[in-house]
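Down below is the structure, laid out as structure tokens.
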Amino acid sequence: MKKLSTFLISLVVLCSIFVLATIIVHNINARNFNTEDFIDRADNYNFQIIRDSFGVPHIVGEKDVDAAFGFGFAQTEDDYQHIEFSVKMARGELSDLKISLSSLSAVFSLIEGNGDIEELTTYIEGVELDFLNKFMNVEETVRDYKNKIPKKTLEYIQGYADGVNYWAALNPSKVDQSIFPVTEIDLLKGMVFQMPLFYGFDHNIDELMNLMSEEKEKISSVNSLSDNITVAKIKSHFKPSGSNAFAVAKSRSSNNQTMLVINSHQPLTGPVAWYEAHIKSNEGLNMMGGTFPGSPFIHVGFNENLGWGATVNQPDLGDIYKLTLNPENNDEYLLDGEWKSFQKIKQNFKIKLFGPFYINYPMDMFFSDHGPVLKDESKAYALRYVGMSDINQATAWYRLNKSQNLEEWKDALRMQEIASLNLLYADKEDNIFFVHNMKSPIRNPNYDWTKIIPGDDSSLIWKEFYAFDDIPQVLNPESGYLFSANQNPFFVSAKEDNLDSNLFPVTMGFQKRTTNRAHRLFELLDDDLSITYKEIDIYKHDNKFSYNSRQYKFLERIFNHDYSGNEKLVGAKSFLKEWNLGTDKDNMHAAFGVCILSPEWLAEIKRKPEPDPLKTFEDCVEEFYKNFGRLDIKWSEVNFLERGSKLIAVQGGPDVLRAIYAPRSDDGILKAVAGDGLYVYVVWDENKKQLSESIHQFGSATIDSNSIHFDDQMQMYADEKLKNTFFDFYFHPKLHKHIIHHQLQPLKFHHHFSVHKL
């Protein structure tokens, strides 16, 4: 009887789904993707794609747009799954329903107008990002893009899109044809959507949802964070945990060299994992470095004249306003003594059911003069954030990629289309430069902008911004070195070269953190008056915690506690005090030490209260005796890099310069998910001759486990060795339509290059 009841319920569910499908479900393959058209379109582009012996694509085009086409093709070949993800994310079409009784009920509730975003997040994968896309009103933001973005930029990004479409047209069985063709507007939407997530926009969303949640109405601090499931899933896609970059001028080097280390930390896999490429044209484009799936530009890297690294910064670039609702009409809010109607936009969401079917459903989203709004019957809050109307990031990145000197590079940033990021620059003319890049609002100094702002006064709705030249930046310090490791912008060089924070308005909202990595870079660089190329490699791979760090102060509270009477804890404290704070492979104390420090680091990056060090210590003691029966476990026995069936021990740990981030596991084995990925060294000697080396954590074949390039850099990465970038070589001088299979002729590298074949 029980089995029969289960069967009948299942049958009812399936029938309901069928009925639902016949009424409101659409076929997902509604887009018109004519594969022959996009194969023929390739005849319009002149380009080559040549892969070096590590599979890294080196693309050359007659014009920039030709190179962009080849770049789009090569990246899609290596990572089409994440290209698809980025396109769906840009459109707000990621939602994928898990068919079940509970999820079906949630869908019906949604259709009836009673849907709850947190409930839906439980059942529908991707809906949290789709919701955020609609909340930010990305579609409307880019609507007038043709009148705001230069034609040359649009041609470039459409060239990239055509390259993506060309690969899809040649491989129709490998792709989700419903998302093709990809267009220039898809790429623009992706840039508008992603940029705020790199400066901490998720914290604003988290707080906004806290304020709207009745049980959290009385939270004591606007900086409190919850474990909101929607925000947690947003963060799971965008979780940069830190980054490093440092530069050394000739005056500080041992051999009259200018040296740059580019080392941005990202997830090791997924939609924001680094991808290495080299893009060149006969119009002056010649950029190599790291980018993300679906991006037509290099975001960290170098050309023959200059290079830069980027690290995430989190200045205060968003404000929450409390609105007063009209008690007689909650579609109106008070502004300057008058009731004003919300702008109401019916946003259409798409939830994929199964196979080719999906549901289109509408949801009302509200907007005030301040920005997007969350509201219910009794309360409303609006969010104003930097970048909410900026759509020309593409031109800024294009100009950065094309820049030939410091002034051209700075002019691209003066556009203020790139809302944030610390950027650290060096060039062949021996300029080194740091900028705490931020598009900072000019706010009324009479208010505390760390709090909720009154929403009834239009004078508090900021519209102007400080100029690029007004934000913190340091050019060619006397000390001859600069570093950036997600720390505050007033600790980037020798003490005498740092800026005075008192010279900047407090309303700019600078972060105050100092990371362990910043302490270590200062200690290493400041103590060395004659830095060699070998030493920058040693410093980049440094794996120690500083005795000046926040982490060591955390340990000191354990050291200062009296555990008399508990023999196990007394012994554990004595063992911990013997740790030299290193995370090298043979270190017998690192596993236990990192166990204690990891929760502290996690709380710090999430802006949560610091965990209790004593409880953390005691929990780790119990965990280690449970898993290993002892504390003295060699670091190489627990800390790994994993790729397919390969599992390789690695040095490093959380918030050290050799950054390896791994979640705790029940068995105590750690597998890296973020940290050091692609990193690059660039050097110009006294004659301005350039040398460059790089390494990727896995390889150029992002998803093809059958390719030799799926993991061919993995052992080198674990051994802390770098490869040649092969940046400086001859392309065949004559370009042909389509992809040609020409043997690459190196200038000075006697190295076999594999030839790209379709």
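Within segment 395-433, can you find the residues that are open to solvent by less than 40 Å² (accessible area, probe 1.4 Å), without any contact (Cβ under 8 Å) to a residue 40 or more places away in the chain and of a type in the set (Lys, Arg)?
Matches in segment 395-433: none.
Being surrounded by fewer than 22 Cβ atoms within 10 Å (Cβ to Cβ) and either basic (Lys, Arg) or without any contact (Cβ under 8 Å) to a residue 12 or more places away in the chain (or both) is the filter here; which residues of segment 502-524 pass it?
502, 503, 512, 513
Go through segment 569-591 and give me each residue that's open to solvent by 60 Å² or more (accessible area, probe 1.4 Å) and closer than 26 Å to residue 663 by Cβ.
Across segment 569-591, the qualifying residues are 580, 586, 588.
Listed here are the residues, each with its yes/no results for (1) part of a loop (DSSP other than H, G, I, E, B); (2) hydrophobic (A, V, I, L, M, F, W, C); (3) touching a Gly at 6+ places or on another chain (Cβ under 9 Å).
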| residue | (1), (2), (3) |
| --- | --- |
| 647 | no, yes, no |
| 655 | yes, no, yes |
| 660 | no, yes, yes |
| 666 | yes, no, no |
| 682 | no, yes, yes |
| 693 | no, no, no |
| 703 | yes, yes, no |
| 706 | yes, no, no |
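Restricting the search to segment 525-560, which residues are part of a helix (DSSP H, G or I), in contact with a strand residue (DSSP E or B) (Cβ under 7 Å, 6 or more places away or on another chain) and buried (at least 20 other Cβ atoms within 10 Å of the Cβ)?
Within segment 525-560, 525, 536, 540 meet the criteria.
When you scan segment 266-279, do you find a residue that is under 30 Å from residue 463 (Cβ atoms), among the polar types (S, T, N, Q) and open to solvent by 50 Å² or more (accessible area, probe 1.4 Å), even just one?
No, that holds for no residue.
Going through segment 255-264 one residue at a time, which ones are at pLDDT 95 or above, over 15 Å from residue 430 (Cβ atoms) and not hydrophobic (A, V, I, L, M, F, W, C)?
Within segment 255-264, just 263 meets the criteria.
Looking at segment 70-137, what helices (runs of 4 or more DSSP H) fall wholly within it and have at least 3 residues that are at pLDDT below 80? Can you show your working first?
Values: elements: 101-111, 117-123, 127-135.
Of the helices (runs of 4 or more DSSP H) lying wholly inside segment 70-137, those with at least 3 residues that are at pLDDT below 80 span 101-111, 117-123.
Determine, yes or no, whether residue 286 is of a type in the set (S, T, N, Q) and without any contact (Cβ under 8 Å) to a residue 60 or more places away in the chain.
Spelling it out, residue 286 is indeed of a type in the set (S, T, N, Q) and without any contact (Cβ under 8 Å) to a residue 60 or more places away in the chain.
When only residues in segment 330-371 that are open to solvent by less than 40 Å² (accessible area, probe 1.4 Å) and assigned to a loop (DSSP other than H, G, I, E, B) count, which is nearest to residue 140 (Cα to Cα)?
Result: 371.
Looking only at segment 463-473, decide whether some residue is more than 20 Å from residue 424 (Cα to Cα) and touching a helix residue (DSSP H, G or I) at 6+ places or on another chain (Cβ under 8 Å). Full working, then the answer.
Step one: of segment 463-473, the residues more than 20 Å from residue 424 (Cα to Cα) are 463-466.
Going one step further and asking which of them are touching a helix residue (DSSP H, G or I) at 6+ places or on another chain (Cβ under 8 Å), we end up with 466.
Yes, some residue in segment 463-473 is more than 20 Å from residue 424 (Cα to Cα) and touching a helix residue (DSSP H, G or I) at 6+ places or on another chain (Cβ under 8 Å).
Quick one: in segment 445-501, of everything that is open to solvent by less than 50 Å² (accessible area, probe 1.4 Å), of a type in the set (Ser, Thr, Tyr) and under 30 Å from residue 529 (Cα atoms), which residue is nearest to the chain's Cα centre (by Cα)?
My answer is 484.
The values are calculated or read from the model by the stated rules, or taken from the named source; none is laboratory data. This structure is a prediction, so every number in the text was calculated from the model and none was measured. Counting neighbours? That spans all protein chains shown, and the Cβs are built from the backbone with ideal geometry, glycine included. Note: areas computed on protein heavy atoms with side chains; ligands, DNA, RNA excluded. Shrake-Rupley method; radii C 1.70, N 1.55, O 1.52, S 1.80 Å.
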